[in-house]
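The structure under discussion appears below in the form of structure tokens.
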Amino acid sequence: MKQLLKQSSTQLSAASLISALVIATTTTLTGCSALQPANVPPMAVYRLDAVAPGSSPAPATATASILVGNIRAAAGFDTSRMLFMRQPYQIEEFQQSQWQKPPAAMLMPLVATALESSGVFKVVLQAPSAVLTTYRLDLEILSLQQDFSSIPSRIHFKLRAHLSDRQNQQIIAWREFSISIPATSEDAYGGVLASNQAVAQILQQLRVFCVEQVTLAAQARKKQP
């Protein structure tokens, strides 16, 4: 009986030792694999940094001021993910490329810079601001996506603008701007370059729109008795 107990004890000790070795080996391998870099390419991050060409400093007689309100984005476009389509109505996302911030957030300082360079506004502010300005510009990005349904692929950018007179709280003009720019390459970076070109051209059109409407509003005020 003692011999059987001794044999069983020896077998249990051997089994425990083997089990311990297996656990130790598994832990070591797991730890090593955790230290190894994953075979996944890093996320590429891009930004919108386009500025409308030309600059005209505001004259000393300029009195108009404008607030660039919070820029909204249509459903599905309020994201930092870079979007594309290969067929109508289906929106997809690049897996390894994204914007630094949602385009609406990156667009606000670019719009402010474009308006500052127009030579019409003495002050250009960005929301949020409690300062009462003469005008307010509200914008909504309707679309910003790369279209691969044709070659070369194209960036489609559409923006809606509402210009309001803050003294009487009325919209004095609105307009939709739309542009399509061919990409220089069939990838996300080609779309980034085209996006910046599209934004630069829309900023130029937006600046002209605001200058025209503010000039007309000023002329209308002078004609009032």
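The values are calculated or read from the model by the stated rules, or taken from the named source; none is laboratory data. Remember, it's a predicted structure, so these values are computed and weren't measured experimentally. Neighbour counts are summed over all protein chains in view; Cβ atoms, including those assigned to glycine, are modelled from backbone coordinates with ideal geometry. When the accessible area is computed, the model is the full protein with side chains, heavy atoms only, and any ligands, DNA or RNA have been set aside. Shrake-Rupley method; radii C 1.70, N 1.55, O 1.52, S 1.80 Å.
In this structure, VAL123 and THR79 have a Cβ-Cβ separation that, at R0 = 25 Å, corresponds to a calculated FRET efficiency of about 0.20.
Considering region 142-206 at the alpha-carbon level, its Rg and Dmax are found to be 14.9, 49 Å. Each residue was assigned an accessible area with a 1.4 Å probe, and for SER180 the value is about 40 Å².
Within the accessible surface of region 169-225, defined with a 1.4 Å probe on protein heavy atoms only, the carbon and sulfur portion equals 54 percent. Could you tell me how far the Cα centroid of region 156-225 sits from the Cα centroid of region 89-130, in Å? First find each Cα centre; the distance between them is then 12 Å. What aspartates and glutamates does LYS158 reach when the alpha-carbon gap must be under 19 Å and sequence neighbours fewer than 8 apart in one chain are set aside? Correct list for LYS158: ASP49, ASP78, GLU92, GLU93, ASP138, GLU140, ASP147, GLU176. On a per residue basis, region 67-141 carries 49 Å² of accessible surface, using protein heavy atoms and a 1.4 Å probe. When only the Cβ of Lys, Arg, Asp and Glu is charged (+1, +1, -1, -1), the dipole of region 101-225 relative to its Cα centre reaches about 620 debye.
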